[in-house]
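Below you'll find the structure, written out as C-alpha cells, and then a few comments.
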Ligand code: FEO
Ligand code: CA
Ligand code: CA
Ligand code: CA
C-alpha cells in the first residue's frame, strides 16, 4: 500500500532537540527568559532536521499568499475542481431532481440532493484510486440561501426542507483522465437527514432520559443534527459527529440544571425555528429529545439499507470529530474533541478486539469500553480520567444514577472529575510517530470576567488565534498517562500583543479547525476564522480561510490553499495513491450575521459559479497535481 512506502520514507527526527520542546510547559521559564533567543537558538540546528539524510522533507510545494479573492487558490502545478455542490442530486436511482438556482426545490427534492454546508468527508474505495464513495457531512443550513424568501412565511414544509438539507450524503465518484465526476444513478447513493430513523446502542440505550412520547423505549431516534467532523473505523464504517445540536431545541422559561449545562435556551440558540412546526424540537413538550443528540453516529456506507447507529458508549458532547486508532492488541481507541468554550477532550477505549470481517463482524465493538476525559497538568504530564459510574465522584449521591446517566451528562461528569477546560477542541489526528494532535480553535472568553483563567495547556487569555496541543501516550494508546506539549501557538511571533503572539514557523494562520494526517505523514491544518472576526484586529492580515500543511518533524508550516470569501475549509480525505485530495468548502459567502439576505444571496460570494447574483454553494473540491503526482510533494 502507498501508506507503507510513505512511512518508511519518513524516518523521524525525534531524537533531535525538537522545536516543539520550546513550548513544553516544563521549559516555559526558558521561553519567558527570551522568546527570540530561544527560538533562534533551538530552531537553527533543526533546519533540514540536523543529521544529514535522517529526514526527507515532506513539504514539496511552494506556498500560496493570503487571499481575499472569491476563488480557490492552490500552489503552482496544482489544479482544483469543484464537485458535489449543495443541491446537486446524490444519484438515487428512483429520484434525481436537478438543482434549482432560485432555491425552488421542494423538501422532497432536497432529500434526494446533497445537503448544505459540507463538513467532514471520507473516500471509501470501490476500485482503488479510480472509483469510490465519498461520504460527507452537512453541518447546518442558511435559510437565506435555502429559500427564495428566507425565513418569511415559515412553515412545516420549510422546516422539512431544512431538515432534509442536514445530515450525511453518500455519493459515488469516478476519475476519468484526471477529472472526477459523480456517478448517477448509483446503488450506493444515499441521503441521511434530520429525520432518518436510527438506532441507539450502548449503555444509554433505553435509559429513562432517552425516552420520548414517540419512542417510549428510548432506542429509536429520528435523524442526526449538526454533523460536523467525521472519522472512520478500521472495519470500514463512517463516524459522523453531532456538534451544536442544542441550538435546534427551544426550552422553557425555567430550565433545569442539566438543560442549562447543555446550553438550552428559550426560542432555541440557533434561530432555526424548527420547534414552531415540529414538536420534538420543543423541549417544553419533549424534554428528553435533546438527550438523543450529541452522539457519534456510525454509518456503513457499503450497505445503503443499513440503519445508522448512535454509539452512546462514546459519550455525549458537542462533538467535533472522532479519530480511531488501535492498541497493539487490536482494541479500538477513539479520540474526540468537544468544540465549545471550556469543554473537554475525550478518549474511548474498546473492551473487545476488532474482529476481521468488516462492519458485520464489529457491530457492537463501540458499545463496550471505557470513556476517559483529559486532564493536562502544568508539568507536561497528563491523565485520562475514566467516566465510569461508581468511580470517584460519579456516584448516585452526586447525581449520576448509572452509566447511562454519566454518558448523557458527560459534561457534568467531566466537571466533577476536574478535567481540563479547553479552548474549543476541534479535530484530532495522529502522526507517524504516535503524537496525537488536537486543534484548539480559539476562545476569546479565556481569562475574561468570571470565566476560567489561563492554564498550562491553554496559555493565552482572550485567545483569538487558537493553538494545537499534542500528546504522546505513556506506552500504548490505552494508557491513562501521557506527556504533552504545544505543537504550535497560532499567530505572528513578532506580534507585540502577548495574547496574539504565536510561534508559527512558516506561514501565518489562525483558528485551526480541520486536522488530518496524510499517508506520508504531513499534518494538514484547515482554518475557521469566523466571518464576524475575519479581516479585523489580529486576523486582518490573514484574508480568507486557508489550508496549510505542517511537517511534524520540523514544525514548518506552509500555506497550501486559500478559499473563496466567507467560507471555512473543512474535511480532508485522499485516494489510497495520495494523488487526489478531496476537501470541503463550507458556507462560502457567509454573512457576518450568519444568515444570508434572501434578496441578495450573492452579496459576499458567488462561488463556485461566479455568476452575478448567484447563491453561493458549499461544495467538495478535488485537488490534483498537473503531473499526476502525490499531493504535497
Ligand atoms: Fe462544526 Fe467545531 O466546527
Ligand atoms: Ca469544525
Ligand atoms: Ca470551527
Ligand atoms: Ca462552520
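Tabulated values for the structure
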item	result
log₁₀ of I(q)/I(0) at q = 0.20, 0.22 Å⁻¹ - the range 500-633, Debye sum with one point per alpha carbon	-1.17, -1.30
Protection proxy ranking, peptides 417-425, 256-264, average beta carbon neighbours within 10 Å, highest first	417-425, 256-264
Over the chain - Rg/Rh using Cα atoms and the Kirkwood inverse-distance radius	0.94
Cα-based Kirkwood hydrodynamic radius, the range 121-237, one decimal, Å	16.7
Value of D in µm² per second that Stokes-Einstein yields for the range 349-486, Kirkwood Rh from Cα pairs, at 4 °C (1.567 mPa s)	78
Ratio Rg/Rh [Cα only; Rh per Kirkwood] for the range 456-574	0.98
Potential lengthening between residue 627 and residue 71 on full extension [0.36 nm per residue; Cα-Cα distance subtracted]	197.9 nm
Listed peptides 235-244, 64-73 by packing density, highest first (mean Cβ within 10 Å)	235-244, 64-73
Extension gain (nm, one decimal) between residue 532 and residue 609, 0.36 nm per residue minus Cα-Cα	25.3 nm
Two-decimal Rg/Rh across the range 175-317, once Rg and the Kirkwood Rh are taken from alpha-carbon atoms	1.04
The range 80-143: relative contact order in percent, alpha carbon pairs under 8 Å with at least 6 residues between	28
Two-decimal ratio, the range 82-135, of alpha-carbon radius of gyration to 2.2 N^0.38 Å	1.26
Helix-only [θ]222 nm of the chain, DSSP H runs n ≥ 4, -39500 (n - 2.57) each, per residue, nearest 500	-2000 deg cm²/dmol
More than 23 Å apart - percent of Cα-Cα pairs taken over the range 279-385	38
Binned Cα-Cα distance frequencies in the range 507-558 - 10 Å width, integer %	26, 48, 22, 4
Average Cα contact separation per residue, the chain, under 8 Å, 6 or more apart, as relative contact order %	16
Potential extension, residue 498-residue 356 segment - 0.36 nm per residue separation minus Cα distance	46.0 nm
Mean Cβ count within 10 Å, highest first, over the residues of peptides 140-149, 449-458, 429-438	140-149, 429-438, 449-458
R0 of 30 Å, Cβ-Cβ distance residue 481-residue 307: FRET efficiency to nearest 0.05	0.20
Long-range Cα-Cα pairs in the range 125-176 (distance over 19 Å), rounded percent	46
Efficiency of FRET from Cβ geometry, residue 368 and residue 79, R₀ 56 Å, rounded to 0.05	0.75
Cα gyration tensor, the range 239-290 - rounded (a/c under 1.5), prolate or oblate	oblate
Estimated FRET transfer efficiency when R0 is 35 angstrom, pair residue 56-residue 377 (beta carbons, to 0.05)	0.50
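Each value in this text was obtained by applying a stated rule to the coordinates, not by laboratory testing. This is a predicted model, so every value here is computed, not measured. Cβ coordinates were reconstructed from backbone atoms using ideal geometry, including for glycine residues, and neighbour counts include every protein chain displayed.
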